[in-house]
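Visitor: Sending over a structure as structure tokens; questions will come in a sec.
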Amino acid sequence: MEAHLDKLSYSVQNLAVATDLSVDSIQKAIKRSELVPSYFGSKPLIPVEEARRWLGSLPNEKPERVA
């Protein structure tokens, strides 16, 4: 019998894939403290709950362009 575990956290690269965003966008959100990773040694891991919180905090409307 195989054990099946749901994902508990994402690497920066895997979160980028999962959200259809760039790695750079994820890293910038971390640098702005909008997205808070946990660390295993020096590797940032984003817990699923934190990823969902961050995604839920994003605006629901497209920002208007400033000319």
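Bear in mind these aren't lab numbers, they're just calculated from the coordinates by the rules spelled out. Since the model is a prediction, treat every value here as computed from it, not as a measurement. Because the Cβ atoms are built from the backbone with ideal geometry, glycine has one as well, and the counts that use them run over all protein chains shown.
Visitor: Look at region 37-67 and say how many of its residues are of a type in the set (A, V, I, L, M) and loosely packed, with under 10 Cβ neighbours inside 10 Å.
Guide: Total meeting the criteria: 3.
Visitor: Six or more apart or on different chains, Cβ under 7 Å: which pairs go from a residue in region 7-22 that's surrounded by 11 or more Cβ atoms within 10 Å (Cβ to Cβ) to one that's among the small types (Gly, Ala, Ser) and part of a loop (DSSP other than H, G, I, E, B)? Could you list them?
Guide: Close Cβ pairs satisfying both conditions: ALA16/SER22.
Visitor: Step by step: first the residues of region 25-36, then only those that are more than 8 Å from the chain's Cα centre (by Cα) and within 19 Å of LEU8 (Cβ to Cβ), then the one that is surrounded by the fewest Cβ atoms within 10 Å (Cβ to Cβ). Which residue is that?
Guide: Checking each candidate, the answer is VAL36.
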